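Heads up: the structure comes next, in structure tokens.
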Amino acid sequence: MSDSAAASVPLTINGTAVEALAGMTLVEAAWRGGVPRVRGVGCLEGVCGSCRVLLRRGRDVTVALACQTFVEPGIEVVFLPAPSAPRHHYEIEEFADGWDVQARFHEIFPEAARCRHCHGCVRSCPKDIDVEAAIVLAAAGRFRDAGAMFFECVMCELCDGACPEQIAPAHVGLFCRRVTAHFHLRPPNLIHRLEELRQGRYDVSGMPQGE
Amino acid sequence: MNKTGISFAAARAAYRPDADLGPLPALTDPDTLLAACHPDHLRGSVVKLAIGANAGDGCQRELAELLQAEAFIDEADLAGTPVTDTDVLVIGGGGAGCAAALAAAERGARVLLATKLRLGDSNTVMAEGGIQAAIEPDDTPQQHISDTLRGGHHAADPALVAALVADGPDAIRWLIRQGMQFETTATGDLHTRKAGGMSAARIVHCRDYTGLEMMRVLREAVIQHRGIEVWEQSPAVELLSNERGQKCVGAVLGSLADGRLRIVRTRSVILATGGLGRLHLNGFPTSNHLGATGDGLVLAYRIGAKLRELDSFQYHPTGLVHPTHLSGKLVTEGVRAAGALLVNGEGRRFIDELLPRDVVSAAILRECQEGRGILSVRTDKTRLGVWLDTPRLERSQPGLLERQFPKLLARTRGAGIDPRVDPLLVHPTLHYQNGGVLIDVNGATTVPGLYAVGELAGGIHGRNRIMGNALLDIIGFGRRAGVAAVAERDRGPKKVTLEHVNRMRRALTLAGMPLTHKSPRLLPAYAGGAWNR
Ligand SMILES: Cc1cc2nc3c(=O)[nH]c(=O)nc-3n(C[C@H](O)[C@H](O)[C@H](O)COP(=O)(O)OP(=O)(O)OC[C@H]3O[C@@H](n4cnc5c(N)ncnc54)[C@H](O)[C@@H]3O)c2cc1C
Ligand code: SF4
Ligand code: SF4
């Protein structure tokens, strides 16, 4: 749009004073200001979850994704370090079957049943996911419904950082989505074609079918 | 470039979602259109390489500068550098790298996956439209092969295309086993879409978040796998060769965190570093992520690998012009496949929207060059574009955009644009590297011990990729290379050297070329300077 005299917007990024132009994102402002050591930038469209920032407006402190947040006068921005490695471990191939999943879930994520409903995760989610409600569903074994709530999750793990019970909601969400596909997605059109290929219906060179 | 057109305000005021768009003009000769308007054919865009395995071949100018350049390191830098040994080293943490790492680890190998940025920060995570697999009753593998070859102007390697297609259905099954969800129909079948250049509906997808769903699942599978170690913020700055500079035996990794170098010694290296959109070829904006700087091409070329189709790049027809901060970002072809039309500044249709991408892009560029584009004036730059008529699509299929394209709505919402009401101003954007490193059906390059997979590899898509084949190739060839790398029988390197770097330096000197340019690029130089909005 025509903004030949875009207003100048002063802010600080990682302690450096920056004069940005109105309409810039925090990432663009960091580039413009030549702020050193800004590493967590990736897709620039809010889906890779890398550019996690802490924002301070007076006494109000929030978190966000820098590539999707626009500059505001006086705002203090700090780029957060990458999240640490997850503490919950599982390999989906080791689950016996769909009957086994609920028991295994509570072994792997024992904290999930202890949500204290503090809303920390919900407040920190840049995708407006009702993380707290999804955790309740997961703890009740409703993995399909819980996973569906994480549909727009970008794995920024800001919710993990906010959770006082160390539930790791982002990884719980992914667990829910993965077991739903792994145990329940059985599309007839795909299975039929795989079967035709196995029987040699089509002459295609390539990998042997099947594991 | 000609910067005249119809002003944004006038075009927006004249826009009606129910206006008569006039008859579609016939396209008599697509080849003439491509020659006149496609960026690959711009004068000065292609130069001849003077040194290396492709000496004499045409190559995009900006890329040639990086291929024919000096390395960042020499032997002196390696003294005292810590060394790590592993069975398989995977370089690049997008979809192809993760698929390769998982396939190798599934077969018992110890895998080290090193990536430049965060694991999963990649072109893969942004993919929207979907992935091809010939699974519908009216479709066959043969049709998939023919469509791919035709779409690529018959420049692809037929053996690679056959392998790509053969992997399709099993790749989807493998993804489901890893925990990836797909859109299904009421009967539980995978939902399929038909896009440009396809003879049957063949795109399976997860609404318009296919890449995000794929990437977050593969990322989690890699993180959770005991056999895979992940090093983030660790870009490869050079490969390592044996004493004769003939075999790849490892890599030197840098660090974005502390700047230190590390050496990794291994039996096989799988390069999966993706594309090069952030080189902004011919000054175009790009749909790619920040790490897409063509590093893998540079590393492979320096160690002697042959490359192909270095003069062929894909400019996707519908990159956003508005909102500004999303400049160059993609509107998936799925939106056109669903029925959205392209309309110029005079309110006319000008091209069949589902022709191959190179043709549609050339047609948009022609409209803009000939003064029928829509002109958007900004502080930094003047930009031209045409409408992608999403409100008309919404009128004909109410609710479709919200159901099928939530990512599009989510991204534009922040800037107060609603594609259900506002037509989107679009312009071609640098999207995909059609060619790349020459490989066989296992992803092996012409250098022993070195594999290349994903967008980095060439020969699968010829000179134009059709939608959905990239996500398929990263899984199919990624897994193939992972399997082949484990089977490598060599007992591992005795000595790791930079002999290939010395060889390249001699060639540069002989050719009278400067030793002052260094590559790979690693990150675009945006900080403090200009970037392509
Ligand atoms: C916006 C968008 C939409 C798309 N939509 C579709 C679609 O609908 N269907 C389809 O089939 N294809 C689509 N594509 C194309 C497809 O997504 C990509 O071609 C494919 O995902 C590439 O996968 P990759 O693993 O090869 O590379 P990437 O996913 O880009 O991964 C490469 C990785 O290597 C890392 N890396 C780079 N350099 C180095 C280095 N020096 N050292 C270490 N690591 C390094 C990068 O940081 C990155 O993590 C789309 C592409 C884009 C950009
Ligand atoms: S659910 Fe958690 S990880 Fe996912 S987007 Fe929200 S805050 Fe980020
Ligand atoms: S942050 Fe943790 S404890 Fe608090 S509501 Fe969310 S899941 Fe529950």
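At the interface with chain A (Cβ under 8 Å from one of its Cβ atoms), of a type in the set (A, V, I, L, M, F, W, C) and more than 23 Å from A:Leu197 (Cβ to Cβ): which single residue out of B:Ala155, B:Ala221 fits that description? Exactly one of B:Ala155, B:Ala221 is at the interface with chain A (Cβ under 8 Å from one of its Cβ atoms), of a type in the set (A, V, I, L, M, F, W, C) and more than 23 Å from A:Leu197 (Cβ to Cβ), namely B:Ala221. Checking segment A:140-150 against the condition returns a match, with at least one residue being at pLDDT 95 or above and of a type in the set (Phe, Trp, Tyr). Residues in segment B:320-349 that are at positive phi and more than 13 Å from ligand 1 (Cβ to nearest atom): how many? Result for segment B:320-349: 2.
Looking at segment B:248-267, which of its residues are free of Cβ contacts under 8 Å to residues at least 12 places away in the same chain and either closer than 18 Å to B:Ile303 by Cα or open to solvent by less than 20 Å² (accessible area, probe 1.4 Å) (or both)? None; the set is empty. For A:Phe151, the conditions (1) buried (at least 18 other Cβ atoms within 10 Å of the Cβ); (2) within 14 Å of another protein chain (Cβ to nearest Cβ); (3) more than 16 Å from ligand 1 (Cβ to nearest atom) all hold with the exception of (1).
B:Gly245 meets the conditions (1) of a type outside the set (A, V, I, L, M); (2) in contact with a Lys or Arg (Cβ under 6 Å, 6 or more places away or on another chain); (3) modelled with pLDDT of 95 or more in every case but one. The failed one is (3). Please tell me if B:Glu229 is of a type in the set (D, E, K, R) and touching a Phe, Trp or Tyr at 6+ places or on another chain (Cβ under 8 Å). It is false that B:Glu229 is of a type in the set (D, E, K, R) and touching a Phe, Trp or Tyr at 6+ places or on another chain (Cβ under 8 Å). Between B:Ala186, B:Ala163, the distinction of being open to solvent by less than 10 Å² (accessible area, probe 1.4 Å) and either at pLDDT 95 or above or under 28 Å from A:Ala85 (Cα atoms) (or both) belongs to B:Ala163 only. If you go through segment B:406-431 and keep only what is away from every other protein chain (no Cβ under 14 Å), open to solvent by 10 Å² or more (accessible area, probe 1.4 Å) and either under 23 Å from the mean Cα position of the chain (by Cα) or of a type in the set (S, T, N, Q) (or both), you end up with just B:His427. Selection of segment B:296-309 for residues being open to solvent by less than 10 Å² (accessible area, probe 1.4 Å) and not β-branched (Val, Ile, Thr) yields B:Gly296, B:Leu297, B:Leu299, B:Ala300, B:Tyr301, B:Arg302, B:Ala305, B:Leu307. For A:Asp60, the stated conditions hold: it is more than 14 Å from ligand 3 (Cβ to nearest atom) and either open to solvent by 20 Å² or more (accessible area, probe 1.4 Å) or closer than 28 Å to B:Ala103 by Cβ (or both). In this structure, is A:Val136 part of a helix (DSSP H, G or I), more than 10 Å from every other protein chain (Cβ to nearest Cβ) and either within 11 Å of ligand 2 (Cβ to nearest atom) or among the charged types (D, E, K, R) (or both)? Taking the combined requirement at face value, the residue does not satisfy it.
In segment A:172-188, the qualifying residues are those that are at the interface with another protein chain (Cβ under 7 Å from one of its Cβ atoms) and buried (at least 24 other Cβ atoms within 10 Å of the Cβ), and the one that is farthest from ligand 3 (Cβ to nearest atom) is A:Arg178. The test for being among the acidic types (Asp, Glu) and either in a loop (DSSP other than H, G, I, E, B) or surrounded by fewer than 24 Cβ atoms within 10 Å (Cβ to Cβ) (or both) does not hold for B:Glu220.
The values are calculated or read from the model by the stated rules, or taken from the named source; none is laboratory data. Treat the numbers as computed from the prediction; the structure is a model and nothing was measured. Glycine gets a Cβ as well: all are built from the backbone with ideal geometry, and neighbour counts include every protein chain shown. Keep in mind that these areas ignore ligands, DNA and RNA; they rest on the heavy atoms of the full protein, side chains included. Shrake-Rupley method; radii C 1.70, N 1.55, O 1.52, S 1.80 Å.
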